[in-house]
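These notes are about the structure you will find just below.
The values are calculated or read from the model by the stated rules, or taken from the named source; none is laboratory data. Source: prediction; values computed, not measured. Here Cβ is always computed from backbone atoms with ideal geometry, including for glycine, and neighbour counts include all displayed protein chains.
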Amino acid sequence: MDAVQTAIVERVAEQHRHHAKGQFFWVWGALLVITAIEVYLGYQNMQPVRMLSILMGLSIIKAALIIAYFMHMKFEVTRMRWLTMASLVFCLAMMCVFFPDAFRILHLAVR
Amino acid sequence: MSDVAVQHGLTGAYEPSLFGTYSKKIGMWLFLLSDSLTFGALLYAYSYGRISNPSWPTPFHSSSIINATFMTAFLLTSSLTMVLAVRASVDHKPKQQMWFLLATMLCGTAFVVLHGREWSHLISEGLSLPVFPSVPGAEASPEFVNVTRDVPQFPATFFGLTGMHMLHVTLGVIYLGVIAFRKKFIPVLLLLWLVAWLGTPAYSPFHYGAHVLLVAAIVCTVILWLKPKLYDSSDVEVAGLYWHFVDLVWMFIFPLVYLMSTRIL
């Protein structure tokens, strides 16, 4: 590793040292609690679409917690945060283009 | 051609990182972004099948949900120990770092073992793929046999998605093993390969899947032989990014595949 990279690594390590360890336990606890809520919902006889919406909402919250705290994204520079997350969300959202076709098959009752 | 002469060899010239971090980390983020599209495609394929098929099965009984909940808890706990390993590495506490990495690996291994047990159970019950050999002497349940026959998209997407994730967790455990123990991990990996290969019956998909460990042992040996080094905090952090990503993906697989396909009797 060259001197510039070593300097950046040391700076990033210094950032890590400033984060309180307690926040990781809080995030872990929150993730476990949300998981427990999800499992509880799994045992309820809810309408599939409603249940899917709630479960996906909770999953996105869990994902945000993991990315922000465990993957350190909250503490990265703004440019890094926006470029990575915006490109990811854009690409995944583009995949939704297939869903209308799934509904078309359902309505045509093609087997 | 440009007329401007560029001066080279300026020692000590500092070029700030565009993303405020080191190259290895940016490289891992780029890999994770591309890998998230792989899992995104698999999750979308599963969802497409589910939407387009009105007779999509809901085969997971309470025992499967409890099993998957424990798997989730293991993964979440492994993420906590991983982040503590990163912290120990930046605090220059190698002993603590090693123990936290070991704890992460154990949680990951527990996840793979529980998942493997569940796969074996489902396959023996009759939920299978054409490439899986039939289980001799097993009494298949009509419910699962019907699912395999009438909705083959279900086992295809289920085993494809969860198998890909299981492979990622396995490779993650190996990655962490190399970071934590370097060359000393290779014999352990070979031992695990022998146990997984000889300890599973010939009809199990894990009998052949165990060879992933052998391939990984060869690749890791070559890497450690070509570039032996002491792994520093940046290597631990980059490995941690990969591990958290594996955890993150499961946060979508668990509700979408398991909780949305629950049949509570």
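Do the conditions hold for B:LEU18, that is, is it closer than 23 Å to A:THR78 by Cα and modelled with pLDDT of 95 or more? So B:LEU18 does not fit the description; no. Scanning the range B:16-55 for residues that are touching a residue at least 12 places away in the same chain (Cβ under 8 Å) and outside any helix (DSSP H, G or I), we see that the one that is nearest to A:PHE99 (Cα to Cα) is B:ASN53. Mind checking whether some residue in the range B:79-86 is modelled with pLDDT of 95 or more, under 18 Å from the mean Cα position of the chain (by Cα), in a helix (DSSP H, G or I) and closer than 24 Å to B:MET260 by Cβ? For the range B:79-86, residues modelled with pLDDT of 95 or more, under 18 Å from the mean Cα position of the chain (by Cα), in a helix (DSSP H, G or I) and closer than 24 Å to B:MET260 by Cβ: present. Considering only residues in the range A:66-96 that are more than 8 Å from chain B (Cβ to nearest Cβ) and over 21 Å from B:VAL249 (Cα atoms), the one that is farthest from the chain's Cα centre (by Cα) turns out to be A:THR78. Run B:TRP197 past the list (1) closer than 29 Å to B:PRO94 by Cα; (2) assigned to a helix (DSSP H, G or I) and report the number of the one that doesn't hold. Status for B:TRP197: all satisfied but (1). Here the condition is being surrounded by 20 or more Cβ atoms within 10 Å (Cβ to Cβ) and outside any helix (DSSP H, G or I); of B:SER128, B:SER134, it holds for B:SER128 alone. Among the residues of the range A:45-65, those that are at the interface with chain B (Cβ under 7 Å from one of its Cβ atoms) and within 17 Å of A:PHE24 (Cα to Cα) comprise A:LYS62, A:ALA63. Please enumerate the residues belonging to the range A:1-58 that are buried (at least 17 other Cβ atoms within 10 Å of the Cβ) and among the charged types (D, E, K, R). Hit for the range A:1-58 is A:GLU38, nothing else.
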